[in-house]
Ligand code: DX5
Ligand code: ZN
């Protein structure tokens, strides 16, 4: 499995130092929250741009914001490689995904736990990543929702091989394995990696390398 550590669980006093410890990761996941779609407020484009200077790793920007179409261009310019938006956060999902691609990024759609996989049926032509949320978005350290395993399997049956299923929330070595068995190709992990003594070892464990 590909592994994307979530910077939400990194020490906010020294994000750059934390980032340098993640060289073995397949990419870096940034949870951008706006205090509107969810209560918390986290990273802005400026923070991501500053960290773009210190690594060439893939930056996977998860926009947990209302009306994400208003922010896509800023985050693309800040150095995002993948921009993921929530299906529930825009009235114009197809257009917004298309816009992400026109900005030169891979386009992802996130589904919160209550959102049906039917949502993705008519966006296959503009989506590269389906992010199945395995917790409710908003904070790190929540318990994995086992109800979402069935959704991962359903999504896997709907998509072609060039679309990646990623899972986000409550990921540890056991839940990562369960998601992989259902068809997930990558996972996001915050608490599991940053709560460990050795980030590289935790990443390798999730990746099953
Ligand atoms: C939740 C975020 C996740 C979160 C994962 O809103 O999208 O990326 O940081 O954290 P853990 O791995 O601790 O559940
Ligand atoms: Zn996330």
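Taking (1) in contact with a helix residue (DSSP H, G or I) (Cβ under 7 Å, 6 or more places away or on another chain); (2) surrounded by fewer than 22 Cβ atoms within 10 Å (Cβ to Cβ); (3) within 23 Å of residue 12 (Cα to Cα) in turn, residue 144 satisfies each apart from (3). Taken together, 70, 11, 36 contain a single residue that is away from ligand 2 (no atom under 16 Å from the Cβ), under 18 Å from residue 106 (Cα atoms) and either at pLDDT 95 or above or surrounded by fewer than 14 Cβ atoms within 10 Å (Cβ to Cβ) (or both), which is 70. Considering every residue within the stretch 85-96, establish whether at least one is touching a strand residue (DSSP E or B) at 6+ places or on another chain (Cβ under 7 Å) and touching a residue at least 60 places away in the same chain (Cβ under 8 Å). No - not one qualifying residue is present in the stretch 85-96. Within the stretch 83-117, the set of residues being surrounded by fewer than 24 Cβ atoms within 10 Å (Cβ to Cβ) and either within 13 Å of residue 32 (Cβ to Cβ) or within 16 Å of ligand 1 (Cβ to nearest atom) (or both) comprises 87, 88, 89, 110, 111, 112, 113, 114, 115.
Of these, 31, 17, 26, which one is within 14 Å of the chain's Cα centre (by Cα) and surrounded by fewer than 19 Cβ atoms within 10 Å (Cβ to Cβ)? Break it down into steps so the answer makes sense when it comes.
Numbers: 31 fails: surrounded by fewer than 19 Cβ atoms within 10 Å (Cβ to Cβ); 17 fails: within 14 Å of the chain's Cα centre (by Cα).
After applying the criteria, what remains is 26.
Considering only residues in the stretch 122-139 that are surrounded by fewer than 19 Cβ atoms within 10 Å (Cβ to Cβ) and within 16 Å of ligand 1 (Cβ to nearest atom), the one that is nearest to residue 183 (Cα to Cα) turns out to be 136.
The values are calculated or read from the model by the stated rules, or taken from the named source; none is laboratory data. All figures in this text were calculated on a predicted structure; none of them were measured in a lab. Neighbour counts run over all protein chains shown; Cβ positions are idealised from the backbone, glycine included.
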